[in-house]
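What follows is one structure encoded as structure tokens, with my remarks underneath.
The values are calculated or read from the model by the stated rules, or taken from the named source; none is laboratory data. None of these values were measured; they are calculated from a predicted model. Heads up, the Cβs are rebuilt from the backbone with ideal geometry, glycines too, and the neighbour counts pull from every protein chain shown.
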Amino acid sequence: MVKTDRTVIASFLPALIGGGAEKVTLTLTAGLARAGRKVDFIVGNRVGALANSVPEGCNLIDLGGRRVTRSVIPLARYLRKTRPRAIISQMDFANPLVVLASILSRSGTPVICVEHTPPETMPYNYGFQRWINRIMYPRAAAVVAVSQGVAGSIRKHFGLPGLKVSVIHNGIVDEALMAKSREPVGHPWLASTPAVPLFLAAGRLHRQKGFEYLLEAMAMVLKRREARLIILGEGELHKELNAQTDRLGIRSQVDFGGFQSNPYPFFRAADCFVLSSIFEGLPTVLIEAMACGCKVVSTDCPSGPAEILNQEGLGFLVPPANPAALADAMCAAVDFPFDRDKLRGRANDFSVENCIRNYLNLVDSTGIKT
């Protein structure tokens, strides 16, 4: 006899690399458990910088698949055995595979697919992905976009009816974040209030983040005034970006700080946070910086930054891939009298509490009833 538990909510991630989508998934999953729900946290393969960051109060299930495609059959077995109330899948390339696993399991488990970036920015075979998503997404119980911009892109590229796509902003700000921001900072440039303005950037060292344009902009800033830049994160462009720093002659003013399990003291202590991305969905780091009261400069990329900075005086928006415009905004931001309480207030609109409430409402409306 099959044992089922229709009160369980399952949350799926392919792996636990240190990306923004993975971090917000961990926050969401932990929040569902804190709300009193039974939660199975399922990973395709427990590898990556966040491998030990299992949400408290959740039941961890490691499927052990080296590739996400190899997680389909083990996931189908799990769904057939447990039959959770719903499963929330968080990564665009994995979402159709989770829908497939639900179909193969014949469990009737509703799948909620979350899209964190505009579909047209997918770095892999977009034509194939668009084709398979057009087939699989209509079989999902719901598709969630993390911003209005992502929602519009999903409707345009996947042909889904408007009512099929819900917008739920990522839950980012909570007391745990604020408490972590008050911990000692682990960098000599931020150990005390710097006399030299210090810019901060954070994210995976990948083309999407536009760090090559940020370095060019920093070189322009340094021709006008003294400044320093710290870039937090790891990725495949580490050597290339370091080499660019040397070519630009700004090695002594730029530091690559690597992956930081707690970046929030950096946000609190820096003079200005800079987001140089070519595209985003809803940039977590921009909201985290604002929550810590840090001034912000961002590219007006699709999508998210303009949606976040929707009021005058919250930050500077500049065109993507434009180092000169970015440099101008960075210089202006240092001396601009931002209202830090206003920044924190806007960041609080993206609270974990709001996000959890919205997801629970969605699960309760689409999930299998107990």
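Kindly indicate whether any position in the stretch 144-157 is surrounded by 13 or more Cβ atoms within 10 Å (Cβ to Cβ), among the charged types (D, E, K, R) and in contact (Cβ under 8 Å) with a residue 12 or more places away in the chain. No.
Restricted to the stretch 4-17, and to residues that are assigned to a loop (DSSP other than H, G, I, E, B) and polar (S, T, N, Q), which residue is farthest from residue 89 (Cα to Cα)? It comes out as 4. When the residues of the stretch 113-125 are filtered to those that are touching a helix residue (DSSP H, G or I) at 6+ places or on another chain (Cβ under 7 Å) and assigned to a helix (DSSP H, G or I), which remaining residue is surrounded by the fewest Cβ atoms within 10 Å (Cβ to Cβ)? Selected residue: 120.
Residue-by-condition table, conditions (1) more than 16 Å from residue 360 (Cα to Cα); (2) touching a residue at least 12 places away in the same chain (Cβ under 8 Å); (3) touching a helix residue (DSSP H, G or I) at 6+ places or on another chain (Cβ under 7 Å); (4) not charged (D, E, K, R):
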{"site": "30", "(1), (2), (3), (4)": "no, yes, no, yes"}
{"site": "34", "(1), (2), (3), (4)": "no, yes, no, no"}
{"site": "46", "(1), (2), (3), (4)": "yes, yes, no, no"}
{"site": "49", "(1), (2), (3), (4)": "yes, yes, no, yes"}
{"site": "56", "(1), (2), (3), (4)": "yes, yes, yes, no"}
{"site": "61", "(1), (2), (3), (4)": "yes, yes, yes, yes"}
{"site": "65", "(1), (2), (3), (4)": "yes, yes, yes, yes"}
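Of all residues being at pLDDT 90 or above and among the basic types (Lys, Arg) in the stretch 10-69, which is nearest to residue 353 (Cα to Cα)? Just the residue, please. Filtering first and then ranking leaves 34.
When you scan the stretch 238-256, do you find a residue that is under 24 Å from residue 175 (Cα atoms) and small (Gly, Ala, Ser), even just one? No: zero hits. Checking each residue in the stretch 209-232 for being without any contact (Cβ under 8 Å) to a residue 60 or more places away in the chain and either among the aromatic types (Phe, Trp, Tyr) or crowded, with 24+ Cβ neighbours inside 10 Å (or both) picks out 229, 231. Taking the criterion of being polar (S, T, N, Q) and surrounded by fewer than 24 Cβ atoms within 10 Å (Cβ to Cβ), the residues of the stretch 297-324 that qualify are 310, 311, 322.
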